[in-house]
Amino acid sequence: MDCTEARNHLLDRRRGALTGELRARANSHLAECEACRREDAADRELSLALQDRLPKRRAPEALRRSIETRLVGQPPRAAAGTRRTRRAPLFASAAFGASFAVAAAFLLWMPHGSDPMLAEAVNDHLRVLYSDHPVEVESGGIHQVKPWFAGRLDFAPVIAFSGDDEFPLQGGAVAYFVDRKAATFIFKRRLHVITLFVFRAEGLQWPALATHPVGDARGTLETSRGFHVLMWKKGDLGYALVSDVDPTDLQTLAVKVAGGA
Ligand SMILES: [Zn+2]
């Protein structure tokens, strides 16, 4: 069993719906694959949050917005100060935590479609949004973020862009992309979060048709569960940009990252 197949069975396995030989094969894959164990643990956390703190369904769009607000800062109208503000932050943060967990779980549980790389990119972006510490190294600029990856990765992430006023770089982290480590760069675009994953390209099931221009490379632009994903290969490396920003913003950032004109 490979990672892609194993991940298709993780939810059933946790629900006890996996039996016989399939269960044994999934178990033995998990026993030897750290990437899938981490995936399973992260998904289990979301499932528990959903069961325990359920304020029932809300609009995923509004919740996704609040997740991003949490990560990139307060919306402008939240600044009002009154005599009640001493208690408000605690309440707001508890209520927010619950709605946030539900949104993340809802989005993870939505049907993933048939493209495993697209599903992976969106899930990994959700983990960045969901994480209490999405940024492992704060950005004082790309010159702090890039060297930080040395020793944490078995490749050097090549990116030609160090952030600007339009797309400020928030920081970096190490994540898993399918079965391998990925350098994660977190950018902001107004109140949106954009995640860039850079990883070794070899051995992944890349989409057959890459027609979307990204500098001098060609990529694919797809949408899943409300997020746009722009993926391309350059040299030995694969790149995935994920966000709910307008696709033209994603395109603009991709060209900067790829170093095209
Ligand atoms: Zn695996």
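The values are calculated or read from the model by the stated rules, or taken from the named source; none is laboratory data. Because the structure is predicted, anything quoted here is derived from the model rather than measured. All Cβ positions, glycine included, derive from the backbone under ideal geometry; neighbour counts span all protein chains shown. Note: areas computed on protein heavy atoms with side chains; ligands, DNA, RNA excluded. Shrake-Rupley method; radii C 1.70, N 1.55, O 1.52, S 1.80 Å.
Brief remarks on what is shown
- Directionally averaged shadow of region 116-257, computed from the convex hull of its alpha-carbon atoms, nm²: 7.8
- Surface composition of region 116-257: carbon and sulfur make up 50 percent of the accessible area, probe 1.4 Å.
- In the assembled protein chains, residue 158 presents an accessible area of approximately 90 Å² (probe radius 1.4 Å).
- Accessible area of residue 237 in the full protein assembly, 1.4 Å probe (Å², nearest 10): 20
- Here the spin labels are modelled as points 7 Å beyond Cα on the Cα-Cβ line, and at residue 150 and residue 14 they lie 3.8 nm apart.
- Model label points for residue 252 and residue 210, set 7 angstrom from Cα along the Cα-to-Cβ axis, are 2.5 nm apart.
- Region 3-52 - convex hull of alpha carbons, volume per residue in Å³: 64
- Pairs over the 21 Å Cα-Cα cut-off, from the set 188/233; 146/234; 146/188: 188/233.
- Taking label positions 7 Å along the Cα-Cβ direction at both residue 37 and residue 5, the computed distance is 2.2 nm, reported to one decimal.
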